[in-house]
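These notes concern the structure reproduced below.
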Amino acid sequence: MNLAILNFLNYGPRRAPTPLKVVATVAFVAGGLLLVWSGYIHFHLWREEYRHIPTIGPLFLFQSIAGLVLGLLVIALRRVWTAIVGLGFAAATLVGFFISVEHGLFGFQDSSSAPFAHEALIIEICTIVVLMIAGALCFAASPPSTTAGTTPPARESTDA
């Protein structure tokens, strides 16, 4: 894998100027909390209704645990790669729900009027948007790339 891509995936808000750093940090925390919230909803649904449904029940439990772990990871590390993993997880959750409603999944057909369906959809969409913003802010604040073997031009001092 290209070293530049690996470096990009490890960008975080620390390198950003203060206003961008604050906004990016807030976006990472908000995205992480949304993942935790989604995990809580899936745990509640597993506990109340879905635990006895073959395959779907264990998947709801897995989603709740994974949402908690990923949410805490996004908050703790605040890196582009955690934003990508978190938004991918939220997108996969959305896709799974839509497939389950439209076609059924593992012999189970869900409904868009199921408990917490609308709330979960809004949370997943917000998670995707917020984590995209967090990652984009880290990218926007990244240092300019230089070509191999050259050094970036020195910055002039503005101190008098």
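Taken together, the values in this text are just the output of simple stated rules run on the coordinates, not laboratory data. Nothing here was measured: the structure is a model prediction, and the numbers come from that model. With ideal geometry, Cβ positions are generated from the backbone for all residues, glycine too; neighbour counts draw on all protein chains shown.
Things to note:
- Scanning the stretch 115-133 for residues that are under 19 Å from Glu49 (Cβ atoms) and without any contact (Cβ under 8 Å) to a residue 40 or more places away in the chain gives Ala117, His118, Leu121.
- Condition broken by Leu87, with the remaining ones in (1) in contact with a Gly (Cβ under 8 Å, 6 or more places away or on another chain); (2) over 23 Å from Ile133 (Cβ atoms); (3) buried (at least 19 other Cβ atoms within 10 Å of the Cβ); (4) of a type in the set (A, V, I, L, M, F, W, C) satisfied: (2)
- The selection criterion, being of a type outside the set (Gly, Ala, Ser), crowded, with 16+ Cβ neighbours inside 10 Å and farther than 18 Å from Ile123 by Cα, holds for Pro13.
- Selection within the stretch 44-86 - in contact (Cβ under 8 Å) with a residue 12 or more places away in the chain and hydroxyl-bearing (Ser, Thr, Tyr): Thr55, Ser64, Thr82
- Only one of Val69, Val80 that is β-branched (Val, Ile, Thr) and surrounded by fewer than 19 Cβ atoms within 10 Å (Cβ to Cβ): Val69
- The condition of being within 30 Å of Pro17 (Cβ to Cβ) and either of a type in the set (Val, Ile, Thr) or out of contact with any Phe, Trp or Tyr (no Cβ under 6 Å at 6 or more places or on another chain) (or both) holds for only one of Gly86, Gly67, that being Gly86.
- Residue list for the stretch 95-126, restricted to those being touching a Gly at 6+ places or on another chain (Cβ under 9 Å) and of a type in the set (A, V, I, L, M): Leu105
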